1. For Lys122, go through the lysines and keep the ones whose alpha-carbon is under 26 Å away, minus same-chain ones fewer than eight residues off.
2. Counting C-alpha atoms alone, how compact is region 1-62: give Rg to one decimal and Dmax as a whole number, in angstrom.
3. Give me P(r) over region 1-146, computed from all C-alpha to C-alpha distances, binned every 10 Å, as integer percentages.
4. Per residue and in Å³, how big is the convex hull formed by the alpha-carbon atoms of region 452-547?
5. Using each residue's phi in region 119-124, evaluate 6.51 cos²θ - 1.76 cosθ + 1.60 at θ = phi - 60° and report the 3J(HN,Hα) Karplus result to the nearest Hz, with x for Gly and Pro.
6. Check cross-link reach from Lys556 to the lysines: straight Cα distance under 20 Å, and skip same-chain residues fewer than eight apart.
7. How high is the FRET efficiency between Glu465 and Leu131 when r is their beta carbon distance and R₀ equals 56 Å, given to the nearest 0.05?
8. Which log10 I(q)/I(0) values does region 69-119 give at q = 0.17 Å⁻¹ under the Debye formula, counting every alpha carbon as one identical point scatterer?
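The values are calculated or read from the model by the stated rules, or taken from the named source; none is laboratory data. If you're wondering where the values come from, they're calculated on a predicted model, not measured in any experiment. Cβ sites come from the backbone with ideal geometry, for glycine too, and all protein chains shown count toward neighbours. Note: areas computed on protein heavy atoms with side chains; ligands, DNA, RNA excluded. Shrake-Rupley method; radii C 1.70, N 1.55, O 1.52, S 1.80 Å.
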Amino acid sequence: MSLLVVGLSHRSAPVSVLERAALSADAQVKLLQDTVAAEPATEAAVLATCNRIELYADVDKFHAGVAELSTLLAQHSGVGLEELTPYLYVHYEDRAVHHLFSVACGLDSMVVGEGQILGQIKDALATAQELHSAGRLLNDLFQQALRVGKRAHSETGIDRAGQSLVTFGLEQFAEGATVDAWARDKRVLVIGAGSMSSLAAATLARAGVAEVVVANRTFDRAERLATLLVEQYAQSPVRQDGTAVLARAVPIDAVADELTRADVVVSCTGATGLVLTAEVVATAMEGRAVRVPAPVAGPRGGSGGSAPAGASVVRGELPPTSVGTDENCPLDPTAAQTAQSVQTVQGTAGFSVLGEAAVAGMAAAELEQHAAWVDKGAAATATEGQSGSVALLDPAAEAEAITALAAAAAVLGRVPERRRPEPVAEVPRPTPVLSLLDLAMPRDIDAAAHRLPGVRLVDIESLAEASADAPMAADVDQVRRIVSDEVAAFGAALRAAHITPTVVALRTMAADVVAGEIARLDGRLPGLDDKQRSEITQTVRRVVDKLLHAPTVRVKQLAAEPGGAGYADALRTLFDLDQETVAAVSRAEGRDADSNNFESAENRGRA
(Lines give C-alpha, C1' and ligand atoms only; values in the text may rest on other atoms or scores of the structure.)
Protein backbone atom coordinates (compact mmCIF):
# COMPACT_ATOMS: atom_id res chain seq x y z
CA MET A 1 0.00 0.00 0.00
CA SER A 2 1.21 3.57 -0.76
CA LEU A 3 0.33 7.10 0.27
CA LEU A 4 -1.35 9.31 -2.34
CA VAL A 5 -2.63 12.88 -2.12
CA VAL A 6 -4.75 14.65 -4.73
CA GLY A 7 -5.77 18.24 -4.17
CA LEU A 8 -5.85 21.89 -5.17
CA SER A 9 -4.84 25.03 -3.31
CA HIS A 10 -4.26 28.76 -3.72
CA ARG A 11 -0.96 27.87 -5.41
CA SER A 12 -2.55 25.76 -8.14
CA ALA A 13 -6.01 27.25 -8.66
CA PRO A 14 -7.55 30.72 -8.82
CA VAL A 15 -9.72 31.80 -5.91
CA SER A 16 -12.84 31.56 -8.07
CA VAL A 17 -12.24 27.82 -8.59
CA LEU A 18 -11.38 27.23 -4.93
CA GLU A 19 -14.54 29.05 -3.98
CA ARG A 20 -16.72 26.79 -6.12
CA ALA A 21 -14.91 23.63 -5.04
CA ALA A 22 -15.21 24.32 -1.31
CA LEU A 23 -16.56 21.36 0.68
CA SER A 24 -19.12 21.66 3.45
CA ALA A 25 -18.74 19.52 6.58
CA ASP A 26 -21.36 17.06 5.30
CA ALA A 27 -19.66 16.87 1.90
CA GLN A 28 -16.35 16.05 3.58
CA VAL A 29 -17.93 13.17 5.51
CA LYS A 30 -19.52 11.77 2.37
CA LEU A 31 -16.24 12.12 0.47
CA LEU A 32 -14.39 10.12 3.13
CA GLN A 33 -17.01 7.40 3.14
CA ASP A 34 -17.01 7.10 -0.63
CA THR A 35 -13.21 7.08 -0.79
CA VAL A 36 -12.74 4.15 1.59
CA ALA A 37 -15.55 2.35 -0.21
CA ALA A 38 -13.71 2.70 -3.53
CA GLU A 39 -11.55 -0.20 -4.66
CA PRO A 40 -8.06 1.39 -4.76
CA ALA A 41 -8.19 2.99 -1.27
CA THR A 42 -8.22 1.48 2.23
CA GLU A 43 -7.73 4.68 4.26
CA ALA A 44 -8.71 8.30 3.65
CA ALA A 45 -8.51 11.77 5.24
CA VAL A 46 -9.62 15.19 3.97
CA LEU A 47 -7.77 18.42 4.71
CA ALA A 48 -10.13 21.26 3.74
CA THR A 49 -9.28 24.86 4.65
CA CYS A 50 -10.13 28.27 3.23
CA ASN A 51 -7.38 27.95 0.62
CA ARG A 52 -6.87 24.20 0.05
CA ILE A 53 -8.80 20.98 -0.50
CA GLU A 54 -6.73 17.80 -0.28
CA LEU A 55 -7.70 14.14 -0.22
CA TYR A 56 -5.17 11.73 1.34
CA ALA A 57 -5.49 7.99 0.82
CA ASP A 58 -3.62 4.71 1.18
CA VAL A 59 -3.93 3.05 -2.23
CA ASP A 60 -2.67 -0.15 -3.80
CA LYS A 61 -2.50 1.20 -7.37
CA PHE A 62 -1.13 4.60 -8.34
CA HIS A 63 -2.92 5.31 -11.64
CA ALA A 64 -6.21 3.84 -10.52
CA GLY A 65 -5.91 5.78 -7.27
CA VAL A 66 -5.29 9.10 -9.01
CA ALA A 67 -8.26 8.56 -11.32
CA GLU A 68 -10.59 7.53 -8.49
CA LEU A 69 -9.59 10.30 -6.08
CA SER A 70 -9.82 12.97 -8.79
CA THR A 71 -13.28 11.77 -9.78
CA LEU A 72 -14.48 11.74 -6.17
CA LEU A 73 -13.17 15.27 -5.58
CA ALA A 74 -14.99 16.51 -8.66
CA GLN A 75 -18.23 14.77 -7.70
CA HIS A 76 -18.35 16.10 -4.15
CA SER A 77 -17.09 19.60 -4.94
CA GLY A 78 -19.61 20.15 -7.70
CA VAL A 79 -16.95 21.24 -10.20
CA GLY A 80 -16.75 19.16 -13.35
CA LEU A 81 -13.77 16.82 -13.65
CA GLU A 82 -12.61 18.35 -16.94
CA GLU A 83 -12.66 21.83 -15.42
CA LEU A 84 -11.08 20.74 -12.15
CA THR A 85 -8.27 18.55 -13.53
CA PRO A 86 -5.94 21.37 -14.74
CA TYR A 87 -5.79 22.73 -11.20
CA LEU A 88 -5.17 19.43 -9.38
CA TYR A 89 -1.77 18.34 -8.08
CA VAL A 90 -0.71 14.80 -7.17
CA HIS A 91 1.92 13.70 -4.65
CA TYR A 92 2.91 10.08 -4.09
CA GLU A 93 4.74 8.25 -1.29
CA ASP A 94 7.70 10.36 -0.01
CA ARG A 95 6.56 13.42 -1.97
CA ALA A 96 3.13 13.16 -0.33
CA VAL A 97 4.76 13.00 3.11
CA HIS A 98 6.96 15.99 2.25
CA HIS A 99 3.92 17.96 1.12
CA LEU A 100 1.92 17.39 4.32
CA PHE A 101 4.91 18.18 6.54
CA SER A 102 5.48 21.42 4.60
CA VAL A 103 1.82 22.31 4.99
CA ALA A 104 2.00 21.62 8.74
CA CYS A 105 4.98 23.97 9.09
CA GLY A 106 3.19 26.78 7.26
CA LEU A 107 5.54 26.69 4.26
CA ASP A 108 2.65 26.14 1.86
CA SER A 109 0.27 28.62 3.48
CA MET A 110 -0.89 31.84 1.88
CA VAL A 111 0.84 33.62 4.76
CA VAL A 112 4.12 31.75 5.27
CA GLY A 113 4.64 30.54 8.81
CA GLU A 114 1.06 30.88 10.02
CA GLY A 115 0.27 28.38 12.76
CA GLN A 116 -3.48 27.95 12.36
CA ILE A 117 -2.96 25.13 9.87
CA LEU A 118 -1.91 22.86 12.75
CA GLY A 119 -5.38 23.08 14.24
CA GLN A 120 -6.92 22.32 10.86
CA ILE A 121 -4.71 19.24 10.43
CA LYS A 122 -5.71 18.09 13.90
CA ASP A 123 -9.39 18.51 13.02
CA ALA A 124 -8.91 16.55 9.78
CA LEU A 125 -7.34 13.67 11.70
CA ALA A 126 -10.07 13.71 14.34
CA THR A 127 -12.77 13.54 11.67
CA ALA A 128 -11.07 10.61 9.93
CA GLN A 129 -10.67 8.80 13.24
CA GLU A 130 -14.30 9.29 14.18
CA LEU A 131 -15.39 7.90 10.81
CA HIS A 132 -12.82 5.05 11.09
CA SER A 133 -11.42 6.02 7.69
CA ALA A 134 -7.89 6.54 9.04
CA GLY A 135 -5.83 3.42 9.62
CA ARG A 136 -2.26 2.95 10.77
CA LEU A 137 -0.68 4.83 7.86
CA LEU A 138 -2.75 8.03 8.00
CA ASN A 139 -2.81 8.08 11.79
CA ASP A 140 0.97 7.90 11.92
CA LEU A 141 1.32 10.41 9.09
CA PHE A 142 -0.97 13.11 10.51
CA GLN A 143 0.28 12.71 14.06
CA GLN A 144 3.86 13.02 12.85
CA ALA A 145 2.89 16.07 10.76
CA LEU A 146 1.58 17.74 13.91
CA ARG A 147 4.84 17.00 15.73
CA VAL A 148 6.90 18.33 12.81
CA GLY A 149 4.84 21.53 12.68
CA LYS A 150 5.27 22.11 16.41
CA ARG A 151 9.00 21.43 16.13
CA ALA A 152 9.34 23.97 13.32
CA HIS A 153 7.62 26.67 15.37
CA SER A 154 9.57 25.91 18.55
CA GLU A 155 13.05 25.48 17.05
CA THR A 156 13.00 28.23 14.41
CA GLY A 157 11.76 31.75 13.93
CA ILE A 158 9.24 30.75 11.26
CA ASP A 159 6.64 32.76 13.20
CA ARG A 160 8.56 35.87 12.22
CA ALA A 161 8.10 35.05 8.54
CA GLY A 162 4.37 35.35 8.76
CA GLN A 163 1.36 35.17 11.01
CA SER A 164 -2.17 33.90 10.97
CA LEU A 165 -4.42 34.77 8.06
CA VAL A 166 -6.55 36.80 10.47
CA THR A 167 -3.64 39.01 11.55
CA PHE A 168 -2.43 39.40 7.99
CA GLY A 169 -5.91 40.47 6.90
CA LEU A 170 -6.19 43.02 9.69
CA GLU A 171 -2.78 44.42 8.77
CA GLN A 172 -4.17 45.30 5.34
CA PHE A 173 -6.59 47.69 7.06
CA ALA A 174 -3.92 49.09 9.36
CA GLU A 175 -1.80 50.13 6.34
CA GLY A 176 1.56 50.33 8.07
CA ALA A 177 0.32 50.97 11.58
CA THR A 178 0.11 48.22 14.17
CA VAL A 179 -3.10 46.24 14.40
CA ASP A 180 -3.42 47.25 18.06
CA ALA A 181 -3.24 50.96 17.22
CA TRP A 182 -5.69 50.62 14.34
CA ALA A 183 -8.24 48.43 16.15
CA ARG A 184 -8.29 50.21 19.51
CA ASP A 185 -11.79 51.28 20.61
CA LYS A 186 -13.45 50.02 17.42
CA ARG A 187 -16.74 48.13 17.43
CA VAL A 188 -16.47 44.68 15.85
CA LEU A 189 -19.06 42.36 14.36
CA VAL A 190 -17.93 38.74 13.96
CA ILE A 191 -20.14 36.56 11.78
CA GLY A 192 -19.63 32.86 12.50
CA ALA A 193 -18.41 31.04 15.59
CA GLY A 194 -15.99 28.50 14.12
CA SER A 195 -12.23 28.29 14.60
CA MET A 196 -11.37 31.14 12.19
CA SER A 197 -14.05 33.46 13.57
CA SER A 198 -13.03 32.64 17.14
CA LEU A 199 -9.42 33.43 16.31
CA ALA A 200 -10.46 36.76 14.78
CA ALA A 201 -12.56 37.65 17.81
CA ALA A 202 -9.72 36.82 20.21
CA THR A 203 -7.17 38.72 18.10
CA LEU A 204 -9.31 41.85 18.03
CA ALA A 205 -10.16 41.56 21.72
CA ARG A 206 -6.46 41.48 22.56
CA ALA A 207 -5.92 44.50 20.29
CA GLY A 208 -8.22 46.56 22.49
CA VAL A 209 -11.48 46.95 20.58
CA ALA A 210 -14.40 48.46 22.46
CA GLU A 211 -16.90 45.70 21.75
CA VAL A 212 -17.18 42.35 19.99
CA VAL A 213 -20.58 41.26 18.75
CA VAL A 214 -20.84 37.60 17.66
CA ALA A 215 -23.57 36.50 15.24
CA ASN A 216 -24.10 32.87 14.29
CA ARG A 217 -26.87 30.70 12.87
CA THR A 218 -26.68 28.58 16.02
CA PHE A 219 -27.16 31.17 18.73
CA ASP A 220 -25.78 28.92 21.49
CA ARG A 221 -22.38 28.81 19.78
CA ALA A 222 -22.34 32.58 19.40
CA GLU A 223 -23.24 32.97 23.06
CA ARG A 224 -20.53 30.51 24.09
CA LEU A 225 -17.86 32.43 22.16
CA ALA A 226 -19.00 35.77 23.60
CA THR A 227 -18.91 34.31 27.10
CA LEU A 228 -15.40 32.98 26.58
CA LEU A 229 -14.22 36.40 25.41
CA VAL A 230 -15.69 38.08 28.47
CA GLU A 231 -14.19 35.50 30.82
CA GLN A 232 -10.78 35.59 29.17
CA TYR A 233 -10.43 39.36 29.01
CA ALA A 234 -12.50 40.42 32.03
CA GLN A 235 -9.33 40.64 34.12
CA SER A 236 -7.18 41.98 31.26
CA PRO A 237 -7.47 45.74 30.88
CA VAL A 238 -6.38 45.85 27.26
CA ARG A 239 -7.68 49.31 26.44
CA GLN A 240 -6.01 52.61 27.20
CA ASP A 241 -8.74 53.58 29.67
CA GLY A 242 -8.11 50.38 31.64
CA THR A 243 -11.51 48.81 30.92
CA ALA A 244 -12.06 45.31 29.65
CA VAL A 245 -13.53 44.26 26.32
CA LEU A 246 -17.31 43.93 26.05
CA ALA A 247 -18.73 40.96 24.14
CA ARG A 248 -22.26 39.86 23.36
CA ALA A 249 -24.07 37.41 21.08
CA VAL A 250 -26.89 38.16 18.64
CA PRO A 251 -28.96 35.99 16.30
CA ILE A 252 -27.88 35.82 12.67
CA ASP A 253 -30.92 37.84 11.57
CA ALA A 254 -29.66 40.79 13.62
CA VAL A 255 -26.61 41.23 11.38
CA ALA A 256 -28.19 44.01 9.28
CA ASP A 257 -28.91 46.12 12.37
CA GLU A 258 -25.48 45.50 13.91
CA LEU A 259 -23.87 46.42 10.61
CA THR A 260 -25.00 50.04 11.01
CA ARG A 261 -23.04 50.31 14.27
CA ALA A 262 -19.92 48.26 13.47
CA ASP A 263 -16.54 49.63 12.47
CA VAL A 264 -15.07 46.21 11.58
CA VAL A 265 -16.80 43.09 10.28
CA VAL A 266 -15.11 39.69 10.13
CA SER A 267 -17.05 36.90 8.45
CA CYS A 268 -16.16 33.23 8.13
CA THR A 269 -19.09 30.84 7.92
CA GLY A 270 -19.80 27.62 6.13
CA ALA A 271 -22.62 29.15 4.12
CA THR A 272 -22.84 28.24 0.45
CA GLY A 273 -24.31 31.63 -0.50
CA LEU A 274 -23.54 35.24 0.35
CA VAL A 275 -24.04 36.27 3.96
CA LEU A 276 -23.70 40.00 3.19
CA THR A 277 -24.79 41.31 -0.19
CA ALA A 278 -23.65 44.68 -1.50
CA GLU A 279 -27.21 45.96 -1.14
CA VAL A 280 -27.29 45.06 2.57
CA VAL A 281 -23.98 46.83 3.13
CA ALA A 282 -25.16 49.84 1.11
CA THR A 283 -28.34 50.09 3.16
CA ALA A 284 -26.33 49.99 6.36
CA MET A 285 -24.05 52.75 5.06
CA GLU A 286 -26.85 55.12 3.99
CA GLY A 287 -26.91 58.16 6.26
CA ARG A 288 -23.91 56.89 8.18
CA ALA A 289 -21.71 59.77 9.44
CA VAL A 290 -17.95 59.92 9.16
CA ARG A 291 -15.47 62.08 11.00
CA VAL A 292 -13.92 64.91 8.95
CA PRO A 293 -11.49 67.61 10.07
CA ALA A 294 -13.10 70.74 11.49
CA PRO A 295 -12.51 73.93 9.43
CA VAL A 296 -9.71 76.16 10.68
CA ALA A 297 -10.17 79.94 10.50
CA GLY A 298 -8.13 81.57 7.73
CA PRO A 299 -6.41 84.94 7.89
CA ARG A 300 -9.64 86.77 6.86
CA GLY A 301 -12.06 84.69 8.88
CA GLY A 302 -12.51 82.10 6.15
CA SER A 303 -11.70 78.48 6.44
CA GLY A 304 -8.60 76.71 5.25
CA GLY A 305 -6.37 73.81 6.14
CA SER A 306 -7.35 71.06 8.53
CA ALA A 307 -7.90 70.92 12.24
CA PRO A 308 -4.89 70.39 14.44
CA ALA A 309 -4.54 67.28 16.60
CA GLY A 310 -7.12 67.19 19.33
CA ALA A 311 -9.40 69.76 17.65
CA SER A 312 -13.13 69.20 17.63
CA VAL A 313 -14.63 67.50 14.63
CA VAL A 314 -17.78 67.90 12.64
CA ARG A 315 -19.69 65.09 11.07
CA GLY A 316 -20.41 64.88 7.38
CA GLU A 317 -22.45 62.51 5.28
CA LEU A 318 -21.07 59.89 2.97
CA PRO A 319 -22.03 60.12 -0.70
CA PRO A 320 -25.00 57.96 -1.76
CA THR A 321 -24.09 54.28 -1.80
CA SER A 322 -26.59 52.97 -4.35
CA VAL A 323 -25.16 50.06 -6.26
CA GLY A 324 -25.32 49.82 -10.03
CA THR A 325 -27.36 52.98 -10.82
CA ASP A 326 -26.63 55.54 -13.56
CA GLU A 327 -27.96 58.67 -11.89
CA ASN A 328 -26.03 61.84 -12.83
CA CYS A 329 -23.66 59.71 -14.87
CA PRO A 330 -21.93 61.50 -17.84
CA LEU A 331 -23.50 60.45 -21.11
CA ASP A 332 -21.37 57.96 -23.00
CA PRO A 333 -22.99 57.43 -26.43
CA THR A 334 -22.05 54.11 -27.95
CA ALA A 335 -23.59 54.30 -31.40
CA ALA A 336 -21.09 54.93 -34.17
CA GLN A 337 -23.12 57.82 -35.55
CA THR A 338 -23.42 59.38 -32.10
CA ALA A 339 -19.72 59.08 -31.41
CA GLN A 340 -18.79 60.55 -34.76
CA SER A 341 -21.24 63.45 -34.41
CA VAL A 342 -20.16 64.27 -30.88
CA GLN A 343 -16.50 64.12 -31.86
CA THR A 344 -17.12 66.55 -34.73
CA VAL A 345 -19.06 68.94 -32.50
CA GLN A 346 -16.48 68.90 -29.73
CA GLY A 347 -13.47 68.99 -32.01
CA THR A 348 -14.71 71.73 -34.35
CA ALA A 349 -16.97 74.06 -32.44
CA GLY A 350 -16.39 73.15 -28.82
CA PHE A 351 -19.87 71.73 -28.17
CA SER A 352 -20.13 69.30 -25.24
CA VAL A 353 -22.66 66.58 -24.56
CA LEU A 354 -22.14 67.32 -20.84
CA GLY A 355 -24.22 70.55 -21.12
CA GLU A 356 -27.44 70.89 -19.14
CA ALA A 357 -29.26 73.39 -21.49
CA ALA A 358 -30.64 70.68 -23.75
CA VAL A 359 -33.43 71.51 -26.17
CA ALA A 360 -34.90 68.63 -28.14
CA GLY A 361 -36.85 68.60 -31.37
CA MET A 362 -35.30 71.70 -33.05
CA ALA A 363 -34.88 72.08 -36.75
CA ALA A 364 -31.53 73.06 -38.31
CA ALA A 365 -32.44 76.76 -38.41
CA GLU A 366 -33.49 76.72 -34.80
CA LEU A 367 -30.24 74.98 -33.90
CA GLU A 368 -28.36 77.81 -35.54
CA GLN A 369 -30.28 80.36 -33.50
CA HIS A 370 -29.73 78.32 -30.34
CA ALA A 371 -25.98 78.20 -30.91
CA ALA A 372 -25.83 81.96 -31.40
CA TRP A 373 -27.99 82.50 -28.29
CA VAL A 374 -25.67 80.38 -26.15
CA ASP A 375 -22.66 82.26 -27.50
CA LYS A 376 -24.25 85.63 -26.73
CA GLY A 377 -25.08 84.51 -23.23
CA ALA A 378 -21.49 83.44 -22.63
CA ALA A 379 -20.17 86.73 -24.05
CA ALA A 380 -22.50 88.80 -21.88
CA THR A 381 -21.45 86.90 -18.78
CA ALA A 382 -17.79 87.35 -19.62
CA THR A 383 -18.27 91.11 -20.13
CA GLU A 384 -20.04 91.49 -16.80
CA GLY A 385 -17.21 89.65 -15.08
CA GLN A 386 -14.53 91.78 -16.77
CA SER A 387 -12.67 88.64 -17.73
CA GLY A 388 -12.39 88.67 -21.50
CA SER A 389 -14.88 87.87 -24.24
CA VAL A 390 -16.09 84.95 -26.31
CA ALA A 391 -16.44 85.32 -30.10
CA LEU A 392 -19.94 84.93 -31.55
CA LEU A 393 -20.58 81.94 -33.74
CA ASP A 394 -20.50 82.69 -37.49
CA PRO A 395 -23.24 80.44 -38.98
CA ALA A 396 -21.65 80.50 -42.44
CA ALA A 397 -18.24 79.49 -41.14
CA GLU A 398 -19.66 76.91 -38.76
CA ALA A 399 -22.13 75.19 -41.08
CA GLU A 400 -20.36 71.87 -40.66
CA ALA A 401 -20.50 72.14 -36.88
CA ILE A 402 -24.19 73.00 -36.92
CA THR A 403 -24.91 70.03 -39.20
CA ALA A 404 -23.02 67.76 -36.79
CA LEU A 405 -24.94 69.26 -33.89
CA ALA A 406 -28.22 68.48 -35.61
CA ALA A 407 -27.13 64.86 -36.13
CA ALA A 408 -26.11 64.58 -32.48
CA ALA A 409 -29.43 66.02 -31.31
CA ALA A 410 -31.34 63.54 -33.49
CA VAL A 411 -29.54 60.60 -31.89
CA LEU A 412 -29.30 61.89 -28.31
CA GLY A 413 -32.75 63.43 -28.14
CA ARG A 414 -31.38 66.75 -26.91
CA VAL A 415 -29.24 69.70 -28.00
CA PRO A 416 -25.88 69.94 -26.24
CA GLU A 417 -24.94 73.30 -24.83
CA ARG A 418 -22.11 75.11 -26.63
CA ARG A 419 -19.25 75.40 -24.23
CA ARG A 420 -15.81 74.00 -23.82
CA PRO A 421 -15.80 70.54 -22.24
CA GLU A 422 -15.12 70.72 -18.55
CA PRO A 423 -13.38 67.93 -16.68
CA VAL A 424 -15.73 65.71 -14.69
CA ALA A 425 -15.04 66.26 -11.02
CA GLU A 426 -14.44 62.97 -9.22
CA VAL A 427 -16.10 62.61 -5.83
CA PRO A 428 -13.26 61.92 -3.39
CA ARG A 429 -13.57 58.52 -1.78
CA PRO A 430 -13.86 59.04 1.98
CA THR A 431 -11.66 57.30 4.50
CA PRO A 432 -13.20 53.86 5.14
CA VAL A 433 -15.53 53.82 8.12
CA LEU A 434 -16.47 50.15 7.65
CA SER A 435 -13.75 47.52 7.23
CA LEU A 436 -14.93 44.12 5.95
CA LEU A 437 -12.69 41.06 6.34
CA ASP A 438 -14.02 38.00 4.49
CA LEU A 439 -12.09 34.85 5.42
CA ALA A 440 -14.66 32.37 4.10
CA MET A 441 -14.37 30.06 1.13
CA PRO A 442 -16.71 30.32 -0.68
CA ARG A 443 -16.91 34.03 0.05
CA ASP A 444 -19.42 35.39 2.58
CA ILE A 445 -19.37 39.03 1.44
CA ASP A 446 -20.33 40.28 -2.00
CA ALA A 447 -17.21 41.47 -3.84
CA ALA A 448 -19.23 44.45 -5.14
CA ALA A 449 -19.21 45.91 -1.62
CA HIS A 450 -15.68 47.20 -2.19
CA ARG A 451 -17.07 49.84 -4.58
CA LEU A 452 -19.20 51.44 -1.89
CA PRO A 453 -17.89 54.77 -0.54
CA GLY A 454 -16.60 54.42 2.98
CA VAL A 455 -16.19 50.63 2.71
CA ARG A 456 -12.96 48.64 2.50
CA LEU A 457 -13.21 44.92 1.70
CA VAL A 458 -10.36 42.46 2.14
CA ASP A 459 -11.04 38.86 1.12
CA ILE A 460 -9.12 35.70 0.33
CA GLU A 461 -8.38 36.85 -3.21
CA SER A 462 -6.93 40.19 -2.16
CA LEU A 463 -4.95 38.50 0.61
CA ALA A 464 -3.43 36.15 -1.96
CA GLU A 465 -2.29 39.14 -4.00
CA ALA A 466 -0.93 40.97 -0.95
CA SER A 467 0.96 37.94 0.35
CA ALA A 468 2.65 37.27 -2.98
CA ASP A 469 5.24 39.97 -2.23
CA ALA A 470 5.57 39.24 1.49
CA PRO A 471 9.21 38.79 2.51
CA MET A 472 10.38 35.33 3.54
CA ALA A 473 12.32 35.01 6.75
CA ALA A 474 15.75 33.39 6.81
CA ASP A 475 14.29 30.77 9.15
CA VAL A 476 12.32 29.30 6.25
CA ASP A 477 15.44 27.52 5.02
CA GLN A 478 15.92 25.97 8.43
CA VAL A 479 12.34 24.76 8.44
CA ARG A 480 12.85 23.21 5.05
CA ARG A 481 15.83 21.28 6.40
CA ILE A 482 13.71 20.08 9.30
CA VAL A 483 11.02 18.92 6.88
CA SER A 484 13.56 17.02 4.75
CA ASP A 485 15.03 15.28 7.81
CA GLU A 486 11.61 14.36 9.14
CA VAL A 487 10.48 13.02 5.77
CA ALA A 488 13.54 10.77 5.61
CA ALA A 489 12.96 9.55 9.16
CA PHE A 490 9.27 8.90 8.54
CA GLY A 491 10.01 7.03 5.32
CA ALA A 492 12.58 4.85 7.07
CA ALA A 493 10.16 4.12 9.90
CA LEU A 494 7.42 3.34 7.41
CA ARG A 495 9.58 0.93 5.46
CA ALA A 496 10.82 -0.67 8.67
CA ALA A 497 7.24 -1.06 9.86
CA HIS A 498 6.41 -2.74 6.57
CA ILE A 499 8.77 -5.61 7.40
CA THR A 500 7.74 -5.86 11.06
CA PRO A 501 4.86 -8.31 10.47
CA THR A 502 7.26 -10.60 8.61
CA VAL A 503 9.80 -10.47 11.46
CA VAL A 504 7.06 -11.11 14.01
CA ALA A 505 5.83 -14.07 11.98
CA LEU A 506 9.39 -15.45 11.83
CA ARG A 507 9.85 -15.21 15.58
CA THR A 508 6.43 -16.75 16.14
CA MET A 509 7.40 -19.69 13.93
CA ALA A 510 10.69 -20.07 15.87
CA ALA A 511 8.82 -20.06 19.18
CA ASP A 512 6.49 -22.79 17.89
CA VAL A 513 9.49 -24.87 16.85
CA VAL A 514 11.05 -24.54 20.33
CA ALA A 515 7.77 -25.46 22.02
CA GLY A 516 7.42 -28.55 19.79
CA GLU A 517 10.95 -29.73 20.51
CA ILE A 518 10.54 -29.31 24.27
CA ALA A 519 7.33 -31.32 24.15
CA ARG A 520 9.13 -34.07 22.23
CA LEU A 521 11.97 -34.04 24.83
CA ASP A 522 9.44 -34.48 27.63
CA GLY A 523 8.21 -37.62 25.91
CA ARG A 524 11.68 -39.07 25.63
CA LEU A 525 12.92 -38.01 29.07
CA PRO A 526 9.88 -38.17 31.36
CA GLY A 527 12.08 -38.22 34.46
CA LEU A 528 13.29 -34.64 34.15
CA ASP A 529 12.42 -32.47 37.12
CA ASP A 530 11.05 -28.97 36.70
CA LYS A 531 14.41 -27.27 37.22
CA GLN A 532 16.11 -29.37 34.55
CA ARG A 533 13.21 -28.92 32.11
CA SER A 534 13.26 -25.13 32.65
CA GLU A 535 17.01 -24.90 32.12
CA ILE A 536 16.83 -26.90 28.89
CA THR A 537 13.95 -24.78 27.62
CA GLN A 538 15.76 -21.50 28.33
CA THR A 539 18.91 -22.81 26.64
CA VAL A 540 17.08 -23.72 23.45
CA ARG A 541 15.32 -20.37 23.37
CA ARG A 542 18.60 -18.48 23.83
CA VAL A 543 20.14 -20.39 20.96
CA VAL A 544 17.23 -19.57 18.66
CA ASP A 545 17.18 -15.91 19.71
CA LYS A 546 20.89 -15.51 19.08
CA LEU A 547 20.59 -17.09 15.66
CA LEU A 548 17.70 -14.79 14.69
CA HIS A 549 18.92 -11.58 16.31
CA ALA A 550 21.49 -10.46 13.75
CA PRO A 551 19.39 -11.33 10.64
CA THR A 552 16.23 -9.62 11.95
CA VAL A 553 18.05 -6.49 13.09
CA ARG A 554 19.92 -6.26 9.82
CA VAL A 555 16.84 -6.85 7.68
CA LYS A 556 15.04 -3.99 9.49
CA GLN A 557 17.97 -1.69 8.77
CA LEU A 558 18.04 -2.69 5.10
CA ALA A 559 14.26 -2.38 4.78
CA ALA A 560 14.40 1.18 6.13
CA GLU A 561 16.58 2.25 3.22
CA PRO A 562 15.07 3.34 -0.10
CA GLY A 563 14.19 0.30 -2.15
CA GLY A 564 14.24 -1.96 0.90
CA ALA A 565 10.70 -3.23 0.56
CA GLY A 566 11.91 -6.39 -1.18
CA TYR A 567 13.65 -7.68 1.96
CA ALA A 568 10.33 -8.70 3.48
CA ASP A 569 9.63 -10.90 0.46
CA ALA A 570 13.13 -12.39 0.69
CA LEU A 571 12.66 -13.20 4.37
CA ARG A 572 9.35 -14.94 3.73
CA THR A 573 10.89 -16.96 0.92
CA LEU A 574 14.02 -18.00 2.85
CA PHE A 575 12.13 -19.19 5.91
CA ASP A 576 9.08 -20.45 4.02
CA LEU A 577 6.76 -18.26 6.05
CA ASP A 578 3.04 -18.58 5.53
CA GLN A 579 1.66 -15.41 3.89
CA GLU A 580 -1.57 -15.74 5.85
CA THR A 581 0.40 -15.72 9.12
CA VAL A 582 2.05 -12.44 8.12
CA ALA A 583 -1.31 -10.98 7.10
CA ALA A 584 -2.82 -12.04 10.43
CA VAL A 585 -0.11 -10.09 12.28
CA SER A 586 -0.85 -7.00 10.16
CA ARG A 587 -4.58 -7.27 10.85
CA ALA A 588 -3.92 -7.60 14.58
CA GLU A 589 -1.75 -4.47 14.53
CA GLY A 590 -4.44 -2.63 12.60
CA ARG A 591 -7.06 -3.58 15.21
CA ASP A 592 -4.78 -2.33 17.96
CA ALA A 593 -4.36 1.00 16.12
CA ASP A 594 -8.12 1.34 15.64
CA SER A 595 -8.65 0.60 19.32
CA ASN A 596 -6.18 3.31 20.28
CA ASN A 597 -7.91 5.74 17.91
CA PHE A 598 -11.29 4.92 19.44
CA GLU A 599 -9.93 5.50 22.92
CA SER A 600 -8.46 8.83 21.77
CA ALA A 601 -11.83 9.87 20.37
CA GLU A 602 -13.51 8.85 23.62
CA ASN A 603 -11.01 10.90 25.60
CA ARG A 604 -11.61 13.94 23.37
CA GLY A 605 -15.35 13.56 23.91
CA ARG A 606 -14.94 13.42 27.69
CA ALA A 607 -12.60 16.42 27.58
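1. The reachable lysines, counting only those whose Cα sits under 26 Å from Lys122, are Lys30, Lys150.
2. Looking at region 1-62, its Cα Rg and Dmax stand at 12.1, 35 Å.
3. In order of increasing distance, the bins hold 12, 47, 37, 4 percent.
4. Values: hull volume 22.5 nm³, N = 96.
Normalising the Cα hull of region 452-547 by residue number yields 234 Å³.
5. Values, residue by residue: x, 6, 5, 4, 5, 4 Hz.
6. Of all the lysines, those that pass the test against Lys556 - Cα under 20 Å, at least 8 places apart if same chain - are Lys546.
7. Values: r = 37 Å, r/R0 = 0.65.
In this case the efficiency is close to 0.95.
8. Debye curve over Cα of region 69-119, log10 I(q)/I(0) at q = 0.17 Å⁻¹: -0.69.
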